[in-house]
Structures are given as structure tokens and as C-alpha cells.
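Let me begin by presenting the structure, written as C-alpha cells, before commenting on it.
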Amino acid sequence: MMLGCIAAPPAGAVPGRDINQVRNQVRDLEAKAEAATEKYNEAAGQLADVQATLVTLKARQASQRAALDQITGRINDVARAAYTSGGLDNGLQLLLAEDPNQFLQQSSTLQRVAASQAAALRRIQTARLRLTQTQAAVSDKEQIVQGYRNSMATAKREADSQLSAARAILASLMKSERQRLAALAAAERRASATAASHARTQLLSQLGRNASGMSPRAVAAVRYALSQVGDRYVAATAGPSAFDCSGLTLAAWRVAGISLPHYSFSQFSKTHRIPLSQARPGDLLFYFKYGTHHVSMYIGNGKMVHAANPSSGVIVTSVYDPWYSRRFSGVGRVGS
């Protein structure tokens with residue numbers, strides 16, 4: 001949803017609204033959509049973990065069922081053989097035997113077979129117990145999987161609802177308002193591209209003088225994030241040409257060899273708190289207090305790069321932008 005691509009307003013369009021106020025209303029709704037998107041990302045990550053466990057459990061279940069079938073098959077073979085042989089009482093067999101010594105030898109063998117059968121039966125009982133336990137675990141994980149899928153569906157509906165409300169505001173604008181809003185968006189994109197180019201040049205200059213104080217991994221992460229400026233914002237996406245907020249920081253640090261979860265709150269939990277005054281390029285900036293459902297990357301000189309929202313995409317903006325400053329949560333340093 002680009003601000004410059006808005007349908008003509010309906011006949012009941014409301015004239016004379018402050019364009020910055022309208023823009024902030026849209027930002028607020030897009031932020032609510034992003035909060036829902038981050039809940040979706042959280043559930044998706046948990047779902048992936050449970051599904052991996054479920055694959056292992058189902059493989060174990062198949063193996064245990066095959067083992068049980070094998071043991072049961074051997075017992076059935078012995079039972080069929082006993083039925084076919086007639087199974088005479090031992091005393092009667094002794095009376096009918098032509099060679100009593102031979103019968104005694106056979107009787108000893110039968111006792112050993114009976115002992116073997118008892119052991120096999122115990123193995124069946126153990127195998128059945130293990131299979132039952134695994135089946136219960138599979139059923140439990142399948143219920144959890146469905147719960148996460150339901151959470152993802154709920155989050156998606158919430159995000160779609162908030163974005164629809166944002167689109168409704170944009171669609172209600174008069175032509176002159178849409179033109180002013182499009183001009184603001186174009187100016188923001190130009191400023192973002194200029195800031196990204198300046199940041200890349202400065203980064204290279206500092207590296208040439210060994211003056212950046214950054215780890216090689218942080219350098220790689222910042223370079224990657226800056227190279228995505230201009231890309232689209234797409235919910236629950238982590239590249240290669242579209243991102244949501246935590247998807248961009250995940251992808252940038254992944255290039256640097258560090259794994260982050262695709263969820264802003266988890267990224268907040270996995271980083272070390274530092275004051276904003278001590279922030280270095282590569283550090284992550286979090287917003288919306290304890291919800292922390294927006295994350296960006298600090299690039300130096302009071303600037304940050306982030307997948308801002310569907311209207312703006314990946315941009316460079318000021319850390320001190322009033323809208324973001326009011327929602328600032330803290331800075332996190334990624335361990336390297």
C-alpha cells in the first residue's frame with residue numbers, strides 16, 4: 001500500500017484535515033497492524049518448533065509400531081505352530097512316547113520355548129506401552145500445532161482489519177490532500193535514499209581509518225540493512241526483497257552469522273540493554289514499551305534503518321522523529 005497510489009475519494013470526503021494528523025492516524029493503524037503481525041511471527045516461530053518435534057515423534061511412533069508388529073508376528077508364528085502340533089498334555093505324551101528319554105529331552109526344549117514366549121510377551125507389553133506414550137505425545141503436539149495455527153489466523157485477521165481502516169482513511173481524502181500526502185511520501189523516500197548513501201560512505205571511511213569501533217559482524221549487518229533501503233514492507237517476511245521490521249533485522253544479522261528469532265519481543269529478550277547515548281551502528285532500537293512490536297537498526301548519527309510500515313517500506317529515518325520518540329522502549333546490543 002503506497003501513499004502515492006490511492007483511489008479517488010468518495011463523494012463524502014472530509015475536506016480541510018491537517019495532513020500530518022492524517023498521516024499519523026495512518027501510522028497508528030499500521031502500527032497496530034504491525035503489532036498483530038509480530039504476534040503472527042511469534043506463533044509461526046513456536047509452530048515451527050513444535051512441528052519439528054512432531055516430525056521426530058511421528059518417526060519414533062512409526063519405528064515403535066514396526067517393532068511391535070515384528071514381536072507380535074513372532075509370537076503369532078509360535079502360537080500357530082503349537083496349535084498345529086496338537087499341544088498334548090505332558091503326561092499323555094510320556095505314555096504314548098516310544099522313547100521316554102527322547103520325550104524328556106523334548107520336554108526340556110519346550111520349557112525353554114515357554115520361557116522364551118514369556119519374555120516375548122513382556123517385550124510386547126513394553127513395546128505397546130512405549131507406543132501408547134508416543135501416540136499420546138503426538139496427539140498433544142498436534143493440538144498445540146492447531147492452537148498456534150488458530151493464533152496465526154487471529155493475528156492475520158487483526159492485521160488485515162487495521163490495514164483496511166488505514167486504507168479507508170486514505171481513500172476518504174480529497175484529491176489535493178492525496179497530492180500533498182504523496183509529496184510528503186516522495187520527500188521521505190528521497191531523504192531516506194540520501195541518508196542511506198551517506199551512511200554507507202561514512203561507514204567505508206571509518207573502516208578505512210579503523211575508526212568505527214564496530215565488530216566485523218556489526219559492519220556486515222549494517223551494510224546489509226542499508227542495501228535494502230527502498231524495498232517493500234510485507235508482513236511476516238524476511239527477504240530477500242521485502243521485509244517486516246523483525247524480518248529485516250533478522251536477515252541483516254543472519255548475514256553476519258548471528259541467528260535472531262523472527263519476533264521483535266524475542267529479539268529484545270536476546271539482546272543486552274544499553275543507553276541510547278551509547279548506541280553503536282548495528283544495535284537494535286525497540287518501540288512500543290513492553291509490547292516491543294517494532295524494531296529498527298541504529299546506523300549512527302541519530303539515524304536508523306527499518307522496515308517502517310506498508311506505506312514507507314524500508315527507510316532511513318531519525319531516531320528522534322517525534323512519532324517514534326514517544327514510543328521508544330530501549331536499545332539492544334546483539335552479542336557477537
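Observations
- Our estimate of slack between S164 and K58, defined as 0.36 nm per intervening residue step minus the Cα-Cα distance, is 34.0 nm.
- Semi-axes of the equivalent ellipsoid for region 270-336, Cα gyration tensor, largest first, Å: 17, 13, 12
- Ranked packing of 150-157, 296-303, most packed first, by mean Cβ within 10 Å: 296-303, 150-157
- Separation of the alpha carbons by more than 19 angstrom is noted, of K141/K270; K32/K175; K32/K303; K156/K289; K32/K289, for K141/K270; K32/K175; K32/K303; K156/K289.
- Scaling the Cα radius of gyration of region 181-333 by the globular reference 2.2 N^0.38 Å produces a ratio of 0.95.
- Calculated FRET value between L129 and D49, using beta carbons and R₀ = 25 Å, to 0.05: 0.40
- Size of electric dipole in region 181-333: Cβ of Lys, Arg +1 and of Asp, Glu -1, about Cα centre, debye, nearest 20: 280
- For region 221-336, averaging the sequence separation of C-alpha pairs within contact (under 8 Å, six or more residues apart) and dividing by the residue count gives a relative contact order of 30 percent.
Since every read-out is calculated from the coordinates, none of them should be taken as a lab result. Only a predicted model underlies this, so the values are computations on that prediction, with no experimental measurement involved. Note that each Cβ is placed from the backbone with ideal geometry, even for glycine, and that neighbours are counted across all protein chains shown.
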